[in-house]
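What follows is a short report on a single structure.
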Amino acid sequence: MAGAALLLSGCGSFGGKGDSRPVTGAAPVSAADVDGPAKLGAPFTIGGTTYTPADIPDYDDVGYAGWYGDELAGQATASGESFDPSAITAAHKTLPLPSYVEVTALDTGRTILVRVNDRGPMVNDRLIDLSRGAAEQLGITGGGAAAVRVRRTNPPASERAQLRGGGAVPDRIATPDSLLMILRNKLKGVPVPAGASPAGTVKPLPAAPNASSPVAQPAGGDRFIVEGPGAKKPVAKPAAKPVTKPAAPAAKPAQITVGGYVKVATFSNQSRAAATAKSLGGTVVKAGNLWQVRMPFGNDAEAKAALAKAKAKGFGDAVVLRDR
């Protein structure tokens, strides 16, 4: 691992086309065989900035994501794998290869698990480039650069195997609005990618009603758009007549917490899992050939209540798993 220089693929785009062609080398290998010791590689320079790959377990940052598509299909990535545009993969400048990250779209709060197996983007104005499959799962293929959070994680072996095989794993619990607000404020210090617009700016759209659920993908909240050619813009609606209403009482400060779920139990029988989830008000998530019962929560109080309920039903091994 020490001193071994990795191939630098040409990755990154706003519409699915790479910035440059990858450097060819040895024949690509199967992703199913490479989750051994992670590789780092030697420092490299892009646009006058030198990047030194590093193994940072708690890596967590915000920035912009592009995506690259079918024109690089079959080419070798920096880890030596064959690039599959439909797989849920990504390119990052410094994370180990392979590694796993949760990528959150800061306009919707939607979060997916992605496998990093390539170096890039080969420009300095984006944090990460996603494969077409990952961009489609996250819902950011509409054009322009997407504001994202990238957080390294250590997923279960079953989810690693699913991603290595080219499949997607279920979305993570959507990020609560309170945390999204913090992340969006952090993003204000990050320059908007030049390729999005000559004078690209990120602006919040008005919040939509009934958008406070921490589990379902939010329909509103502050939503980012990148202004520029081809960018989607909100359609203005006629102004509604003002309605006088009594002043509402002052709202309590929002509890800034990160959700997660209580892992109740894992079953080999889907019917038993479904019956257990129904009795607890939980959900069933497929994990390989098994079915796992989970009870999502949005704050500490909900976590304690869910755990107590699971244990009262006889599931003494139930545990709380948080998103961070």
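The values are calculated or read from the model by the stated rules, or taken from the named source; none is laboratory data. Keep in mind the model is a prediction, meaning the values are calculated, not measured. When we count neighbours, we look across all protein chains shown, and the Cβ atoms used for this are built from the backbone with ideal geometry, even at glycine.
Quick one: how many residues across the range 137-191 are assigned to a helix (DSSP H, G or I) and more than 14 Å from the chain's Cα centre (by Cα)? Even if it seems obvious, please write down each step before you answer.
If we filter the range 137-191 for residues that are assigned to a helix (DSSP H, G or I), which is where we start, we get 137-138, 157-164, 177-187.
Cutting the leftovers down to more than 14 Å from the chain's Cα centre (by Cα) gives us 157-162, 164, 177-179, 181-182, 184-187.
Adding up the residues that qualify gives 16.
Yes/no matrix, rows are residues, columns are (1) assigned by TED's automatic domain parsing to the domain that holds Pro193; (2) touching a Pro at 6+ places or on another chain (Cβ under 9 Å); (3) within 22 Å of Arg184 (Cα to Cα):
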| residue | (1), (2), (3) |
| --- | --- |
| Ala134 | yes, no, yes |
| Ala145 | yes, yes, yes |
| Pro156 | yes, no, no |
| Gly167 | yes, no, no |
Q) How many residues does the range 160-171 contain that are surrounded by fewer than 20 Cβ atoms within 10 Å (Cβ to Cβ) and either modelled with pLDDT of 95 or more or not basic (Lys, Arg) (or both)? A) 7
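Can you pull out the strands (runs of 3 or more DSSP E) entirely within the range 1-110 that have at least 2 residues that are within 28 Å of Ala157 (Cα to Cα), modelled with pLDDT of 80 or more and not polar (S, T, N, Q)? Quick ask: steps written out before the conclusion?
Working: elements: 44-46, 49-51, 60-68, 89-91, 99-105.
Strands (runs of 3 or more DSSP E) meeting the threshold: 60-68, 89-91, 99-105.
Could you list, in sequence order, all residues of the range 138-187 that are of a type in the set (S, T, N, Q) and touching a residue at least 40 places away in the same chain (Cβ under 8 Å)?
Residues of the range 138-187 that are of a type in the set (S, T, N, Q), as a first pass: 141, 153-154, 158, 162, 175, 178, 185.
Once the filter is applied, which keeps residues that are of a type in the set (S, T, N, Q) and touching a residue at least 40 places away in the same chain (Cβ under 8 Å), the range 138-187 yields Thr141, Thr153, Asn154, Ser158, Gln162, Thr175, Ser178.
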